[in-house]
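In what follows, a single structure is set out as structure tokens and then discussed.
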Amino acid sequence: MRTRFRKPLRSRPHSAASPSLEELAEATGLPLGRVRQALRCAEASASLNQAVSPDGDTEFADFVADPAAADSASRAGRATLKREPRSRCRVRLTDENRTVQGAGDSGWMHHPERGAHAPAARGLVVSALFFFPRGGSAQVIRSLARAMPAAGWQPRLAAGSRGQPGEPTHAASFFAGLDVHTLDYSPALELAEPLAAPVPFQPSYEDRPEAPDRIFAAVAEPAYERLVTAWIELLARAGAGTADLLHLHHLTPANEAAARGFPALPVLGQLHGTELAMLRMIEAGAPPGWGYAQDGGRRLRAWALRPPGRAARGGGGRGPPARPRAGKAARPPERRRA
């Protein structure tokens, strides 16, 4: 989207210095933080003959791929296939998820009664997507969940949802064929302020004034706490209390819900990049309307750095108590000698 200049820059001699940040902000009508971010995104030119090694022997052009050159990795792969026995190179495609499964994978066990290979059972994974399906993250989660059984994992999804069955934003429809538990954000859209609903409408990492999803940096504490509570309940319905692993996508209130409600559950986090864009804007200078930008930034960093079992505000305790892992007895408390 192009930004029109609201005020023309004062004319200056051709040899004069570049306009200051304040002058650019005045001319464009943008906050200083936005101007700084735009300048950082400006592409710098570089010579292909620029030296990039300390001794000067390596130039930038040496790292530019030649589309006409043969791929060395492909040549090596073909050479390896020629040397390996054919029985170790076979693969099998399943009709359900089209996942390539190598017969020599150490995670496979042979069952003579079946006459085929089956993956070694590894446990239950609850994969959580805070947002309703609308972009690449949902595509990644769906493909990954379909491939998990081939590696021995039992997938179960917890996801936000919006709309009616059959719509692409409806989680049960989008993830059809998978074990999915949903949190419906649709009722919040009936209110003038979606964040005021008992289950607030999902926030976003992007500031779009015309959209119902407010940016995380504008979410006040009461709405944030209601989202955390709703996600503790959703994760419990999805089986997080008996799961072996929790797979969290993005950095969202679902991270806080996991830390408070299931502090003993191992967590694997996966970022998709949009969180970092919002953090960069906060660091450059939050625009007007981001009244909780610093709180939002601190939460995201705390979720990314937090050790398992520690909530952002002083530890867990709002969800179900931690249970001993399956097959392991709870260890009695140690007695200290007087």
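The values are calculated or read from the model by the stated rules, or taken from the named source; none is laboratory data. Everything quoted here is computed from the prediction, not taken from an experiment. Every residue, glycine among them, receives a Cβ derived from its backbone with ideal geometry; neighbour counts consider all protein chains shown.
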Within region 212-258, restricting to residues that are out of contact with any helix residue (DSSP H, G or I) (no Cβ under 7 Å at 6 or more places or on another chain) and over 28 Å from Ser143 (Cα atoms), the one that is modelled with the lowest pLDDT is Ala218
Residue match in region 146-153 (condition: closer than 19 Å to Trp231 by Cβ and among the small types (Gly, Ala, Ser)): no
Being at pLDDT 50 or above, surrounded by fewer than 17 Cβ atoms within 10 Å (Cβ to Cβ) and out of contact with any Leu (no Cβ under 9 Å at 6 or more places or on another chain) narrows Gln270, Gln294 down to just Gln294
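Does any residue of region 217-236 turn out to be in contact with a Ser or Thr (Cβ under 7 Å, 6 or more places away or on another chain), of a type outside the set (S, T, N, Q) and closer than 21 Å to Ser161 by Cβ?
Looking for residues that are in contact with a Ser or Thr (Cβ under 7 Å, 6 or more places away or on another chain), of a type outside the set (S, T, N, Q) and closer than 21 Å to Ser161 by Cβ, one finds none in region 217-236, hence no.
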Of the conditions (1) in contact with a helix residue (DSSP H, G or I) (Cβ under 8 Å, 6 or more places away or on another chain); (2) in a helix (DSSP H, G or I); (3) more than 24 Å from Ala277 (Cα to Cα), the single one that Leu195 does not satisfy is (3)
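Filter region 147-166 for residues that are among the polar types (S, T, N, Q) and in a strand (DSSP E or B) and give the result.
Result: Gln154, Ser161.
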When region 203-229 is checked residue by residue, the ones that are of a type in the set (A, V, I, L, M) and either touching a strand residue (DSSP E or B) at 6+ places or on another chain (Cβ under 6 Å) or over 19 Å from Pro187 (Cβ atoms) (or both) are Ile215, Ala217, Ala218, Ala220
Residue pairs qualifying under the 6 Å Cβ cut-off, at least six apart or on distinct chains, with the first in region 127-148 being farther than 15 Å from Asp179 by Cβ and the second being assigned to a loop (DSSP other than H, G, I, E, B) and among the hydroxyl-bearing types (Ser, Thr, Tyr), are Phe130/Thr252; Phe132/Thr169; Pro133/Thr169; Arg134/Thr169
Over region 206-222, the set of residues assigned to a helix (DSSP H, G or I), in contact with a Phe, Trp or Tyr (Cβ under 9 Å, 6 or more places away or on another chain) and over 14 Å from Phe130 (Cβ atoms) is Ala217, Ala218, Glu221
Looking across region 273-291 at residues that are of a type outside the set (A, V, I, L, M) and part of a loop (DSSP other than H, G, I, E, B), the single one that is surrounded by the fewest Cβ atoms within 10 Å (Cβ to Cβ) is Pro288
- When you look at Phe201, is it free of Cβ contacts under 8 Å to residues at least 24 places away in the same chain and of a type in the set (Phe, Trp, Tyr), yes or no? yes
Matching residues in region 232-259 (over 25 Å from Gly135 (Cα atoms) and surrounded by fewer than 24 Cβ atoms within 10 Å (Cβ to Cβ)) number 6
From the option list Ala151, Ala188, Ala121, single residue qualifying as at pLDDT 90 or above and more than 26 Å from Glu221 (Cα to Cα) is Ala151
In the set Leu235, Leu251, Leu183, Leu144, the lone residue that is assigned to a strand (DSSP E or B), under 21 Å from the mean Cα position of the chain (by Cα) and of a type in the set (A, V, I, L, M, F, W, C) is Leu183
Inside region 159-172, the number of residues satisfying the requirement of being surrounded by fewer than 18 Cβ atoms within 10 Å (Cβ to Cβ) and either under 21 Å from the mean Cα position of the chain (by Cα) or aromatic (Phe, Trp, Tyr) (or both) is 2
- Out of curiosity, is Leu276 within 18 Å of the chain's Cα centre (by Cα) and more than 30 Å from Ala121 (Cβ to Cβ)? yes
Here the qualifying pairs (Cβ atoms under 9 Å; residues six or more apart or on different chains; first in region 256-267 and farther than 14 Å from Gly239 by Cα; second surrounded by fewer than 24 Cβ atoms within 10 Å (Cβ to Cβ) and hydroxyl-bearing (Ser, Thr, Tyr)) come out as Glu256/Tyr224
